[in-house]
1. Determine which member of the set Thr51, Thr47, Thr71 is touching a residue at least 40 places away in the same chain (Cβ under 8 Å) and of a type in the set (Val, Ile, Thr).
2. Just one of (1) in contact with a Phe, Trp or Tyr (Cβ under 7 Å, 6 or more places away or on another chain); (2) within 20 Å of His8 (Cβ to Cβ) trips up Lys80, so point out which.
3. Any chance you could count how many residues in the stretch 65-117 are within 27 Å of Gln20 (Cα to Cα), charged (D, E, K, R) and assigned to a loop (DSSP other than H, G, I, E, B)?
4. Hey, among the residues in the stretch 25-44 that are in contact (Cβ under 8 Å) with a residue 40 or more places away in the chain and hydrophobic (A, V, I, L, M, F, W, C), which one's nearest to Lys134 (Cα to Cα)?
Amino acid sequence: MKHSRPIHPDFQFLLDFKDQKVIDLFIDLREYILELYPDSNELLYHTHALTAVFSISDKLSDAFCMIPIYTNHLNLGFSKGALLKDPNKLLTGTGNLIRHIDIKKTSDYKNPKVKALIQEAIDFAIKDMDKPTKSIGKTISKIKKN
């Protein structure tokens with residue numbers, strides 16, 4: 001697997017505090033998403049979770065998926081998951097929009113059903129975007145340094 005872009009130092013610093021299994025899953029899932037949509041912008045946050053958000057613009061509102069990393073696990077989240085077709089009932093959650101898939105091993109996302117769901121989320125985000133973006137394929141840290 002080729003590394004399409006380096007992990008931002010602000011993010012890497014916080015990621016290094018996580019369990020190695022969680023780090024390895026994050027790196028692999030991140031690469032998988034970037035391979036599916038190389039032009040995505042990666043918005044990085046550290047709030048209740050360390051989160052990489054993948055967007056078709058530089059705005060959170062145009063995000064198609066995210067990887068929130070918690071203490072001992074991570075999820076593949078979909079910003080507008082409640083609006084996606086989910087014929088295989090992969091998504092969980094009860095919020096107004098966000099849905100997720102629990103990730104414990106690579107087969108939880110490296111399969112045709114999840115790949116199709118990610119592609120649907122990308123297509124939905126492109127159709128739903130207000131105006132074209134000038135930012136393509138960038139990593140943007142929103143992590144506040146102390």
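1. On the way: Thr51 fails: touching a residue at least 40 places away in the same chain (Cβ under 8 Å); Thr47 fails: touching a residue at least 40 places away in the same chain (Cβ under 8 Å).
Being touching a residue at least 40 places away in the same chain (Cβ under 8 Å) and of a type in the set (Val, Ile, Thr) holds for just one of Thr51, Thr47, Thr71, which is Thr71.
2. Unmet for Lys80, out of (1) in contact with a Phe, Trp or Tyr (Cβ under 7 Å, 6 or more places away or on another chain); (2) within 20 Å of His8 (Cβ to Cβ): (2).
3. Adding up the residues that qualify gives 3.
4. First pass over the stretch 25-44, keeping only residues in contact (Cβ under 8 Å) with a residue 40 or more places away in the chain: 25-26, 28-29, 32-33, 36-44.
Add one more test, that the residue is hydrophobic (A, V, I, L, M, F, W, C), and what stays is 25-26, 29, 33, 36, 43-44.
Working: Leu25: 30, Phe26: 27, Leu29: 25, Ile33: 20, Leu36: 20, Leu43: 15, Leu44: 18 Å.
Ranking the qualifying residues of the stretch 25-44, first place goes to Leu43.
For every residue, the table says whether it meets (1) surrounded by fewer than 15 Cβ atoms within 10 Å (Cβ to Cβ); (2) in contact with a strand residue (DSSP E or B) (Cβ under 9 Å, 6 or more places away or on another chain); (3) among the polar types (S, T, N, Q).
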{"site": "Leu15", "(1), (2), (3)": "no, yes, no"}
{"site": "Tyr32", "(1), (2), (3)": "no, no, no"}
{"site": "Leu44", "(1), (2), (3)": "no, yes, no"}
{"site": "Phe54", "(1), (2), (3)": "no, yes, no"}
{"site": "Ser61", "(1), (2), (3)": "yes, yes, yes"}
{"site": "Leu84", "(1), (2), (3)": "no, yes, no"}
{"site": "Gly95", "(1), (2), (3)": "yes, no, no"}
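Values quoted throughout were computed directly from the atomic coordinates according to the rules given, and no laboratory measurement underlies them. Being a predicted model, the structure only gives us computed values, none of them experimental. Please note: Cβ atoms are built from the backbone with ideal geometry, for glycine as well, and neighbour counts cover all protein chains shown.
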